[in-house]
Amino acid sequence: MENLYSAPQADLSQEPTKDETYEPQIFSFSGRIGRLRYLAYHLAATILIYMVAGIATAIVSALSMDSTPNFGLIGVLSIIGFVVFIGTMFTATFTYVKRRLNDLDQSGWWGIMMIIPFLNFFFGLYLVFAPGTKGGNSYGPAPCKNSAGVIIGGLMFPLIFVVGILAAVALPAYKDYKDRAKAAEARTVVAPD
């Protein structure tokens, strides 16, 4: 009779060859992804999650415009939607952080640093700028070359980030400028020369 508690007899000493590559999947928890794939996949997942959240918000808003809205149901749906949204964003973020860390030949557990304020900024910069290991590592073979879509998506992520920061600064400044211009115009109308 065979001992059910014996160690497996598989040869685990073989590492992947240096030339072996694989095609990473966007919705996978395992495997390695490089810097551009990290940005592109994260951007694609974020856009998809926000689109689904927008549709869900529109549905809940349509329910609240009913002639006799049920605010208890709308509140419960809103809370459930928010929890699902946060959970999905959290899962997507940690999935891509884990895969990026595996490309750096590091354990995915280092991704916990993403929840530490201030440190997460520098850790995110490390994930974006640190080159992955060449060839295979202990987490599998290297990902294949980036496609044009991955390159475009990866380069769009920082562009969207910069445009968002500029808009966050410029829009309030423009509103302040318009308010001051209206006030100056009102002063000239009230007190003509």
The residue from Phe27, Phe129 that alone is surrounded by fewer than 16 Cβ atoms within 10 Å (Cβ to Cβ), modelled with pLDDT under 90 and under 23 Å from Ser147 (Cβ atoms) is Phe27
- Message: Considering only the stretch 159-175, I want to know if a residue exists there that is in contact with a helix residue (DSSP H, G or I) (Cβ under 6 Å, 6 or more places away or on another chain), of a type outside the set (D, E, K, R) and either assigned to a loop (DSSP other than H, G, I, E, B) or touching a residue at least 60 places away in the same chain (Cβ under 8 Å) (or both).
- Response: no
Condition set at pLDDT 75 or above and in contact with a strand residue (DSSP E or B) (Cβ under 7 Å, 6 or more places away or on another chain), scope the stretch 1-24, selection surrounded by the most Cβ atoms within 10 Å (Cβ to Cβ): answer is Pro24
Exercise for review: Determine whether Val97 is closer than 22 Å to Arg37 by Cα and free of Cβ contacts under 8 Å to residues at least 60 places away in the same chain.
Suggested key: yes
Just one listed residue, out of Pro117, Pro192, is modelled with pLDDT under 90, assigned to a loop (DSSP other than H, G, I, E, B) and farther than 15 Å from Gly34 by Cβ, and it is Pro192
Review point. Given the structure, is Pro141 surrounded by 10 or more Cβ atoms within 10 Å (Cβ to Cβ), under 16 Å from Gly34 (Cα atoms), in contact with a Ser or Thr (Cβ under 6 Å, 6 or more places away or on another chain) and not basic (Lys, Arg)?
Key: yes
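The values are calculated or read from the model by the stated rules, or taken from the named source; none is laboratory data. All of these numbers come straight from a predicted model, not from anything done at the bench. FYI the Cβ positions are ideal-geometry reconstructions off the backbone, even for glycines, and counts take in every protein chain you see.
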